[in-house]
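Only the coordinates and a few stated rules stand behind these numbers; no lab work does. Predicted model, so just to flag it, every value in this text is computed and none were measured. So basically every Cβ, Gly included, is an ideal-geometry build from the backbone, and we count neighbours across all protein chains shown.
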Amino acid sequence: MKIHSIILRMLTMRMKSPFTTSFGTEWNKQFILVEARDEDGRSGWGEAVAMAEPLYNEETVDTVWILLKKHLLPLLWQRELNHPREVAGWFTPIRRNYMAKAAVEGAIWDLFAKEQGIPLYRALGGNKNAIDVGISIGIQKNQEELLAVIEKYCNEGYKRIKIKIMPGWDTEIIAAVRCRFPDILLMADANSAYTLEDINRLAALDRYQLMMLEQPLAHDDMIDHAQLQQQLRTPVCLDESIHSVEDARKAIELGSCRIINIKVGRVGGLTEACRIHDFCRSHNVPVWCGGMLESGIGRAHNIAITTLPGFTLPGDTAASSRYWEQDLILPEVTVEQGRVQVPEEPGIGYEPCRERIDYHTLYSETFRN
Ligand code: OSB
Ligand code: MG
């Protein structure tokens, strides 16, 4: 395959309601779309999931733009590309910057699948025609509002509920949710808001039958998580701490977690996401696909990766309407009875809507081979 040009676009889209985690509140989503074009005029699309502020990890929309422009796109030209799996190898000399790498690699995967005339999920080795999804619920104003939001999403059919927790919004909240909804699949995500000093507080959550506790300790830790997991019955799930199959191997060897959240952006792309999946599957560690408040383009990539057989737990890929008045793709992602149908059209299987994309674009830049 030959990439003729790459277009970067910086977009901003207002969210239906703000999303609050232990690290902050997001009102507007700023993100980058990558469009990779071949000589026949086909386009592959990728989305960079870095946020405006470096609060989830160190990347931001601005660092991603610079990395792509100055360091990653130049590595793509000059070379003969036979398969998108080669791209991750070309990027290895560049340290970290996973979200920047994933954005352009994703566009190339989509373009490759379109050139082959096959859906992206098939190109990745997936085999499901529908996926189970849950939903992630941010920190709310008060307990009553949280219970109302959970009720709404349960009625919409989501297969599991994830709530965000932080010190002061944890034990009592989870107790209230469990009391009101005794049978739902429930989990909690702390986004690194605790330390080992909170071990008793976290161990007290064991009685609420949480499916898992996501990233309770530091974003870059595996050692303390191993100690915590030893003291907890609830499975620990790592999100922020895992960037590669090597990280996954170490976490599993150390006993730092029993479940891994795979985010394509956080691990540098679909190729590495597949490797982590394969490793976890061979070690009987369940995985699921996390989310980063993506537009439909990123959502489509999440759907594709979730079709791999080791993604046995419902992910965070909710419907387009969960965050957006109008998404950037047609059709939009819909959820029925907690399931998303996997599209069979070539590539990501959803058509990016250029008019809507242009409307939300702040600026763009084109790069040619
Ligand atoms: O930790 O999973 C997370 C959103 C932004 C940053 C980090 C996380 C999240 C979510 C929301 O939980 C997932 C989604 O609905 O896209
Ligand atoms: Mg998380």
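General observations
- Within the listed set 142, 261, 97, the Gaussian network model of the chain (springs between alpha-carbon atoms below 10 Å) gives the highest mean-square fluctuation for 142.
- Relative to the current alpha-carbon distance between residue 69 and residue 351, full extension at 0.36 nm per residue lengthens the span by 99.0 nm.
- A full extension of the chain between residue 207 and residue 281 corresponds to an added length of 23.8 nm, given 0.36 nm per residue minus the alpha carbon distance.
- The range 1-55 and the range 310-337: distance between their alpha carbon centers, rounded to Å: 16 Å
- Across the range 209-252, Cα pairs under 8 Å and at least six residues apart give a relative contact order of 45 percent.
- Dipole in debye (nearest 20) - the range 123-341, about Cα centre, beta carbon charges: Lys, Arg +1; Asp, Glu -1: 540 debye
- 282, 244, 256, 5 arranged by Cβ crowding within 10 Å, fewest neighbours leading: 282, 5, 244, 256
- Residues 245, 333, 104, 61 arranged by fewest to most Cβ contacts within 10 Å: 245, 61, 333, 104
- For the range 123-341, the share of DSSP beta bridges that are antiparallel, to the nearest 5, is 20%.
- Summarised in one figure, the compactness ratio Rg/Rh of the chain, Cα atoms and Kirkwood Rh, is 0.95.
- Separation in nanometres of the label points that stand 7 Å from Cα toward Cβ, at residue 176 and residue 141: 1.3 nm
- Between the helical axis of 270-282 and the longest alpha-carbon principal axis of the chain there is an angle of about 40 degrees.
- Proximity of backbone amide H atoms, modeled 1.01 Å from N, is registered between residue 214 and 188, 189, 190, 237 at under 5 Å, excluding neighbours fewer than 5 places apart on the same chain.
- Vicinal HN-Hα couplings computed from phi for the range 171-177 (Karplus, 6.51 cos²θ - 1.76 cosθ + 1.60; Hz; Gly/Pro x): 3, 5, 5, 5, 4, 5, 5
- Cleavage-rule hits (GluC sites (Glu not before Pro)) in the range 266-366: DSSP loop, at most 13 neighbouring Cβ within 10 angstrom: 325, 344
- R0 of 41 Å, Cβ-Cβ distance residue 152-residue 250: FRET efficiency to nearest 0.05: 0.55
- Among 268, 138, 302 the positive-end extreme of the charge dipole of the range 123-341 (Cβ point charges): 302
- Packing-based exposure ordering (other Cβ within 10 Å, fewest first) of 149, 267: 149, 267
- The relative contact order of the chain comes to 23 percent, based on Cα pairs under 8 Å that sit 6 or more residues apart.
- Lysines with Cα under 25 Å of residue 128, excluding same-chain neighbours fewer than 8 positions away: 114, 159, 162, 263
- Note, ³J(HN,Hα) from phi for the range 69-74, Karplus 6.51, -1.76, 1.60, rounded to Hz, x at Gly and Pro: 5, 8, 10, 8, 4, x
- Counted over the chain, the DSSP beta bridges are approximately 65% antiparallel.
- Net +/- balance of residues flanking residue 107 in space, Cβ distance below 12 Å, scoring K and R +1, D and E -1: 0
- Amide H to amide H, with H built 1.01 Å from N, residue 3 comes under 5 Å of no residue 5 or more places away or on another chain.
- Gained length - residue 337 relative to residue 17, 0.36 nm times residue gap less alpha-carbon distance: 112.9 nm
- The long axis of helix 143-155 is offset from the longest Cα principal axis of the chain by roughly 60 degrees.
- Using C-alpha pairs under 8 Å with a sequence gap of at least 6, the mean separation divided by the residue count of the range 123-341 gives a relative contact order of 24 percent.
- 0 to 90° range, to nearest 10: angle between helix 98-116 axis and the chain longest Cα axis: 60 degrees
- Under a 5 Å amide H cut-off, with hydrogens placed 1.01 Å from N, residue 137 pairs with 162, 163, 164 among residues at least 5 apart or on other chains.
- Euclidean distance between Cα centres, the range 137-157 to the range 236-280, Å: 29 Å
- Listed residues 205, 238, 213, most fluctuating in the chain (Gaussian network, C-alpha, under 10 Å): 205
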